[in-house]
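Take this structure, written in C-alpha cells, and hold onto it; I'll ask about it next.
The values are calculated or read from the model by the stated rules, or taken from the named source; none is laboratory data. Because the structure is a prediction, the values reported are computed rather than measured. As a convention, Cβ positions derive from the backbone with ideal geometry for all residues, glycine included, and neighbour counts pool all protein chains shown.
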Amino acid sequence: MKIKELEILSNNLEDTSAFYSGILDLPLVNRDERSLIFKSGNTLLRFAESDVAEAMYHFAFNIPCNKIGEAVDFMSSRTDLLNLQNNSFIADFTSWNAKAFYFYDNNRNIVELIARQDLNNASEKPFGGDSLLCISEIGISASNPVQLAKNIHDELGVPYFEKSPGGEEFVAMGDDEGLFIIVKTGRHWYPTDVSAKKLHTRIKAVSGSEEFELTF
C-alpha cells in the first residue's frame, strides 16, 4: 500500500512550517492561509489549521534501509530524540525486520523514522530531507480496532500486515510501504505516555490497483 496524501491538524502553521522545512528539510510545495503542504518522496503531507490544542498524531517516514545510524546523527543534531527503556534511541523490531527512532515535532506529534530491511532500498547519498522516502505509517485511534480493520479490509481490500499478529488493541494493515496502525483509543503511542485520541485524519492511498480516500 502507498500513502499518497495525509492530512492532519496543526494549531500553529508558522512553527510547523519552520520545523518541517528547517529541521526535516522537506520541501514546502503549497501554502495558503489555512494549510501547508510538504512533499516527502511519493507522499504529500498536509497540515490544516485548527484550534485543537492537543491534536497529537503518530506517523512514520520510511528511510533507506542502510541509513538508520546516519539518520540518528542527522536528527539528533537538530532536535531531541526520544530515549528508549534500554537507554538507546533505536528500537529494533525484529519481527518486522526494521529499526526505528522517534522524536516530537513542534505540535507534539510523535514522528518516527524507520528503516525496513525487506525493502532493499539502500542509498549511497548522504542522509538529508530527500532520504524521507514517504510516509509509511499513520496511527488511527478507534474504540474497536478489530471492527474498524475488518471494515477497511472488507470494503477496500486493504490486507492485514503479515508481520504483525495484531490483537484487540492493535491492528496493522498494509505492507512495508504503507501501514494503517489502528489502536484502541487511550492506548499509549510507543515509546511515550501519549494516549491515542480520535483526531481528524484524511488519507489518500493506493492498495493494489485501487485508489481510495478515508476520513476519520
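Could you grab me the full set of residues in the stretch 183-198 that are over 16 Å from V111 (Cα atoms) and buried (at least 17 other Cβ atoms within 10 Å of the Cβ)?
V183, K184
Yes or no: R78 at pLDDT 95 or above and either touching a His at 6+ places or on another chain (Cβ under 7 Å) or farther than 27 Å from V206 by Cα (or both)?
So R78 fits the description; yes.
How many residues does the stretch 109-119 contain that are in contact with a Phe, Trp or Tyr (Cβ under 8 Å, 6 or more places away or on another chain) and not in a strand (DSSP E or B)?
The total comes to 1.
Here's another thing I want to ask about it. Criterion first (touching a strand residue (DSSP E or B) at 6+ places or on another chain (Cβ under 8 Å) and without any contact (Cβ under 8 Å) to a residue 60 or more places away in the chain) does H200 satisfy it?
No; evaluated as a whole, the condition is false for this residue.
Which condition number in (1) of a type outside the set (K, R); (2) more than 17 Å from the chain's Cα centre (by Cα); (3) over 18 Å from C134 (Cβ atoms) is the one that E211 fails?
Result: E211 fails condition (3) only.
Would you mind stating whether F212 is aromatic (F, W, Y), farther than 29 Å from N83 by Cβ and surrounded by 13 or more Cβ atoms within 10 Å (Cβ to Cβ)?
Answer is yes for this residue.
Please report, ordered by residue number, the strands (runs of 3 or more DSSP E) entirely within the stretch 16-108 with at least 1 residues that are in contact (Cβ under 8 Å) with a residue 24 or more places away in the chain.
Hits in the stretch 16-108: 35-40, 43-49, 58-63, 91-93, 98-104.
While we're looking at this one, here's another question. Take the stretch 200-211 and flag every residue that is at pLDDT 95 or above and not hydroxyl-bearing (S, T, Y).
H200, R202, I203, K204, A205, V206, E211
Would you be able to say whether some residue in the stretch 83-93 is out of contact with any helix residue (DSSP H, G or I) (no Cβ under 9 Å at 6 or more places or on another chain), crowded, with 17+ Cβ neighbours inside 10 Å, at pLDDT 95 or above and within 28 Å of G186 (Cα to Cα)?
Yes, the stretch 83-93 contains at least one residue that is out of contact with any helix residue (DSSP H, G or I) (no Cβ under 9 Å at 6 or more places or on another chain), crowded, with 17+ Cβ neighbours inside 10 Å, at pLDDT 95 or above and within 28 Å of G186 (Cα to Cα).
All but one of (1) of a type outside the set (S, T, N, Q); (2) in contact with a Phe, Trp or Tyr (Cβ under 9 Å, 6 or more places away or on another chain); (3) part of a strand (DSSP E or B); (4) under 22 Å from R46 (Cα atoms) hold for H200; state the number of the condition that does not hold.
It is condition (3) that H200 fails.
Right, another one. Condition check: in contact with a strand residue (DSSP E or B) (Cβ under 9 Å, 6 or more places away or on another chain), of a type in the set (S, T, N, Q), assigned to a strand (DSSP E or B) and within 21 Å of T43 (Cβ to Cβ). Does S123 satisfy that?
So S123 fails the test.
Could you tell me how many of the residues in the stretch 47-65 are buried (at least 17 other Cβ atoms within 10 Å of the Cβ) and either of a type in the set (V, I, T) or under 14 Å from the mean Cα position of the chain (by Cα) (or both)?
9
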